Each structure stands twice: as structure tokens, then as C-alpha cells.
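Written out below as C-alpha cells is the structure these notes cover.
The numbers here are math on the coordinates, done by the rules we state, and not lab data. Bear in mind that the values here come from a model prediction, so they are computed numbers and not experimental data. Positions of Cβ are backbone-derived with ideal geometry, glycine not excepted, and every protein chain shown enters the neighbour counts.
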Amino acid sequence: MCGIIGAIAQRDVQPILIEGLRRLEYRGYDSAGMVVMDPQGRLQRERSVGKVEALAQRVAGSGLTGTLGIAHTRWATHGGPTERNAHPHLSGERIAVVHNGIIENYQALRDDLKARGFEFTSDTDTEVIAHQIMDYCQQGHDLLEAVRRATAHFSGAYALGVISRDEPDRLIAVREGSPLIIGLGIGEHFIASDIQAMLPVTQRFVYLENGDIAELRRDSHRILDADGQAVDRPVTESSLTAGAADRGRFRHFMLKEIHEQPRAVAETLEGRLAPDGVLEGIMGPGSEEILAQVKSVQILACGTSYHAGLVASYWIEGLLGLPCRVEVASEFRYRRHAVLPDCLLVTISQSGETADSLAALRQAREDDYLGSLAICNVPESSLVRESDMVLMTHAGPEIGVASTKAFTTQLVALFLLVLSLGRHHGLAPARAQSFVEQLRALPAALEKVLALDTPIERLAMGLADKHHALFLGRGCHYPIALEGALKLKEISYIHAEAYPAGELKHGPLALVDADMPVVVVAPNNHLLEKLKSNLEEVRARGGHLMVFTDDVAALGSDGAIQSLAVPPVDDWLSAIIHTVPLQLLSYHTAILKGTDVDQPRNLAKSVTVE
């Protein structure tokens, strides 16, 4: 959440900063701002509430130019979304700071700084950073040392970009818990929260580690670790291009990413399947030895990734007979828990920087887990670097805040984990071979689902004027119902809840009437007859049903029930297929309601704070 971009160059950096902010918009924000050191050596600041475009217009009108600058998109935590709280924050017109994260002890620092004469002009925790650095500069320390000493006072997670009027040849970057990356150019260097922001100017990056402080000059950079020792961090060449974040022919990033799912699934499978199973070692050296010893699995994740974990628990227990627990990472990290015997810890995250998931992984190192596996979309992320084993998804950049292709590729990666475990835990070779054949057919099946776009758009017309909706599913399709409800909430702002269909009569049925649409995931499996009785309960109470099924004939379609045929696949994999219609239903409903599909209110793409 939030976004940092900074640059030191021989050319005007203002256009670079504005473009970088535009490329960080997907992360979620409510205000934006920048500071540029002008040719006279003054720190010139512009800030605005709302979209980056409003800031761009202000900057264009002010004629702001300079070769050193920092900029930020803010998602309000401490202090409301107002211009006075927008970053960057200044101290004495000499120090400028942008900050992602939260300074947990800011109130004590604020009280101390105020007692020593510093004046505060915002409600944020960030302003204490600027004043704390200024305090050390006033004591005679240079900017790098002042930042190093100041950060020793801070508790919490943060990423910082710092510049000083007195040192126009330096840009300082700090990482502690919140991601920050250096971009390397020729005669220029950059910092950002995400490589997307820097792709127009470089494809060479250095990922800072926790505790790192970096000093960037136009023609050099150096990094100090948490102990103050100079260190070399590897340079990574990205294969992504600036065009990777373009919408192309699609109206929204979310729609583009929904339609990219066949390709993303194919790429997640690429190079991992043999004719009769999953190739060995796809999770890294030594992974097969760990998988052979697994007797239980613990999955930790948040949001959409948590739903992927729930689906996987049905697979792991149903196909392999191994106990599997799934828990929201933010709960797991704050409770005492028992570790099952020979337990594999699996963390799932699109970004690999989700604060709660990372903290849970770090805490789990103190427990007696057999090993840790990260399922992630970003190879350079903290979660990947800190796990024993890694299974990368290959969704590519996901810009829309509401996750789509990241979710389906997580499901595919989790099924690869199931097959890899199955090699050591009794999954029949013939069955494994059958699953491999079906996995290879998944991209084509997803293409058929995408062809349902027009009838799904018609279904959405029955949702757009409603204020509430229920989603139902059974077995591994219950988490898909949860994910469908989440998508509808996220982008259309319609209140939606999901339940196992058998729970309908234990409370939710009281809500059913003509104004409460009920969306049902209903594959033709051994639970279909049970599900049909649940649907009759809705019909009897005047409810309107929208059913996604691979057997319309079994369920019918009339005034009370609208059934849409989904391509049939093996029941164990149908959860992946049934995800896509629910994504399209939410998308078209949001379009009809006129909401901001790619940047829904109050939400951030990458939640890097608690």
C-alpha cells in the first residue's frame, strides 16, 4: 500500500516522478505529492488530494523542475486524506521525506520533538521521521549518518526516501519491513516501492534487504546493512517492459487480467509437467526430501490468497489424506498454536510482501515446522527469499486491485503441490497421469468460460440495483463462493456473503426474498442432489437464483432460476473453472454501477502494513 518513487539524475526528474506515481496508482491511495529540488537549491513541494492526475496538473502549472526529487501516493493511516497529511513531509525547508509503513512509537517521538521546539503541521506519523533526521543534521551529521541515527529510534515497518537541501547530490533510501527497490541507470539512479514505477527508465534493479540504508548518487550507489557495514546486493535484470502495465484493447486492467488467465495458467504449468506427473524438484533443491517427510500441512494467507488455501485444504485432505489447516495470517501470528507432526508450512501471497503473511512466516521459524514453502508471483519478494522452498506462479503483473489471474494461478500452483506430495503419499500413478492431462487442458477450458462474457453481462443486470447478495457452494466450491462474494464487495460495493449451501437453513435463509439474489456454484458432482434441495428452499421463498453449473438440464432455468452452462471438467479441478464466471459477474455489475473497477475505494493492492 502507498507508493514511493525517487530519482537523482542529470535530467529533469519531474516527468519521471509523475509517470512513476501513475504506475503506482494500482496499489491504492487517496492523495499524492512530490518534492523536487529546483535549480536554485530549494525544496519545492506540490501535493493534492485525490488522483495523481490532479497532482500532475498542479505540477504542470507550477513549472516545477529539478534533477533530484521524491514523490509518493498515500493511503491514509495516521490522519485523514487531506493535503496537509499528504507526503512528502518537510522539516525546516531542509529535509524532505516520503514514507511507506507505520512508525508505531510515533506519539512518544512526536511529544519529545515538540518539547525540543519542532513544529508539526500534519497528523501523520511520517512527520516525526523528517524532524528526527533534521535533529541529527543540526547536530552536525551528514545526511546519511543522520538517517542512520534517526532510524534507530523507530519501531515498526517502513521504507523511506530522503533528500536534503544541503546535499543536492544524494538520495537516501531505507528499508525496514516495507519493500523498496533501487533502479540503476546511466548517470541516474532511482528508488521505488515496485519495479513497475521504474520500467520506463531502467530494467536493472537492486532489492534492498531489511535494515539496509542506501546512498544514491548520479553515477554510483552504496548500501549499508543493519550493522552499518558496506554490502553488495545482487543486480537483477527484469524481463518486463514498460508496456506490461498497459491496458491494451481492454477498458480496465481487471478485464484484461481476467482474459489473461488462460495464458497465465499455461505459463504456470510450463516446464513443470511430465507425461505421467509433476517433474521432481520444481520447488527447489532438496524439496523432494522435505515433501517425502510431510505428514501434515499448515497454510497461511490473507484475503484472496486465503481462499486459495481453503480450496487446497480440500484437495490435500480429499486426495492425499493428509491433515491440512488453513488460517488467516493476521490471526495466526497473534495466538498460541500447536504444530502438527512433520508439518509443512505454506504461505501464499501475490506480492510476497504482505505484512501479516511475512510476520507469520518469521514467527513460525521459532516453531518445529518441517520446512516452509512460498507460493508467490514475485520472485524477488521477501516471502520468496525467506522460505526454504518456492513455487512461483507466472501470472505476470497484476494491476487491478481485485485479484483475478493471481488467484487462478495460485490454485494451479497449489494443485501442483498436491501432485508433488502425492508422489510420496499414495496418489495412484494412473490418477496422477489423468490429472496432468486435465491440467494441460485447463487453458482451453478457461477460453471457453471467457466466451460466456455476454450472457454473464446480462446476468449482472439482475445484480446491479441490489444492495445485498448471497453466494453458495459446497465442498471445494465453497471457497470459490467466498471469493466470488469478495470480488462483488470489492469492486461494486454491494454487500455480499458466502456460505456452505448446507448452512442456508441455519440462519441465512431468513434474508432470502425477491431483493436478495443468490449466486450458486453448482458443478455436477456427488453433492448436486443435496444442492438442489438448497435451491428449492430459495425458490420457495421468492428468491432469485443465478446458478453456474455444468449441467443446466439437472437444475433447469425459469423465472426464478437463471442457469448458465460452464464447461465440464474433472470435479477436483472445476473450482478453478468456476472462479472465472464469478469474476466476470462482479466486473459487469461494477460497470453497471459506475464504480472505479481498478482502484476501488479504501483498498490497496499490496497490504504492507498491519
* Could you work out the helix-only [θ] at 222 nm for the chain, with each DSSP H run of four or more residues adding -39,500 (n - 2.57) and the total divided by the number of residues, to the nearest 500 deg cm²/dmol? -> -10000 deg cm²/dmol
* Structure fact -> So, relative contact order of the chain in percent, Cα under 8 Å, 6 or more apart, is 12
* Structure fact -> Rounded to whole angstrom, the alpha-carbon centroid of segment 462-522 lies from that of segment 59-85 at a distance of 40
* Asked: segment 89-178: which GluC sites (Glu not before Pro) are DSSP loop and have at most 16 other beta-carbon atoms within 10 angstrom?
  -> Glu93, Glu104, Glu119
* To do: Quick one: check the C-alpha center-to-center distance for segment 349-398 versus segment 415-452, whole angstrom.
  => 23
* **Antiparallel bridge percentage (DSSP; both residues within the chain; nearest 5)** => 60
* Over segment 3-237, what relative contact order in percent results from Cα pairs under 8 Å that are six or more residues apart? -> 20
* Asked: Quick one: if you take sqrt(5λ) for each eigenvalue of the C-alpha gyration tensor of segment 3-237, what semi-axes come out, biggest first, whole angstrom?
  -> 23, 21, 17
* Asked: Using a simple spin-label model with points 7 Å from Cα along the Cα→Cβ vector, what separation in nm is obtained for Ala560 and Gln293?
  -> 5.8
* Give me the log10 of I(q) over I(0) for the chain at q = 0.08, 0.10 Å⁻¹, as the Debye formula computes it from C-alpha points; what are the numbers? -> -0.60, -0.90
* Asked: Taking neighbour counts of Cβ atoms within 10 Å as a proxy for exposure, in what order, fewest first, do Lys489, Lys448 appear?
  -> Lys448, Lys489
* Of Val49, Asn85, Ile4, farthest towards positive along the dipole that unit charges on Lys, Arg, Asp, Glu beta carbons give the chain -> Val49
* To do: Give the order of Ile186, Ile282, Ile577 when sorted by the count of other beta carbons within 10 angstrom, beginning with the fewest.
  => Ile186, Ile282, Ile577
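For segment 251-427, report the % of Cα-Cα distances exceeding 24 Å. All intermediate terms of the calculation are to be shown ahead of the outcome.
Details: 4794 of 15576 pairs.
Percentage above 24 Å: 31.
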* Asked: What percentage of all Cα-Cα pairs in segment 371-496 are separated by more than 25 Å?
  -> 41
* Structure fact -> Under the Karplus relation with 6.51, -1.76 and 1.60 and θ = phi - 60°, whole-Hz ³J(HN,Hα) for segment 203-208, x at Gly and Pro, equal 10, 10, 9, 10, 8, 6
* Asked: Between Glu83 and Ala230, what FRET efficiency follows from the Cβ-Cβ distance if R0 is 35 Å, with the result rounded to 0.05?
  -> 0.30
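Taking the Cβ-Cβ separation of Val339 and Glu119 as r and a Förster radius of 45 Å, what is the calculated FRET efficiency to the nearest 0.05? Could the numbers behind the result be given before it?
On the way: r = 51 Å, r/R0 = 1.13.
In this case the efficiency is close to 0.30.
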* What are the ³J(HN,Hα) values, in whole Hz, obtained from phi via the Karplus relation 6.51 cos²θ - 1.76 cosθ + 1.60 with θ = phi - 60°, for each residue of segment 446-451 in sequence order, with x given for Gly and Pro? -> 5, 4, 5, 5, 5, 5
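Test of the criteria: in segment 106-181, which chymotrypsin sites (Phe, Trp or Tyr not before Pro) are in a DSSP loop and have at most 15 other Cβ atoms within 10 angstrom of their Cβ? Mind showing how you got there, number by number?
Numbers: sites: Tyr106, Phe118, Phe120, Tyr136, Phe154, Tyr158; in loops: Phe118, Phe120, Phe154.
Of the chymotrypsin sites (Phe, Trp or Tyr not before Pro), the ones in loops of segment 106-181 whose Cβ has at most 15 other Cβ atoms within 10 Å are Phe120.
Using only alpha carbon pairs under 8 Å that are at least six residues apart, calculate the relative contact order of segment 251-427 and give it in whole percent. Each step should come with its number before you reach the end.
On the way: 313 pairs, mean separation 53.5, N = 177.
Dividing the mean separation by the residue count of segment 251-427 yields 30 percent.
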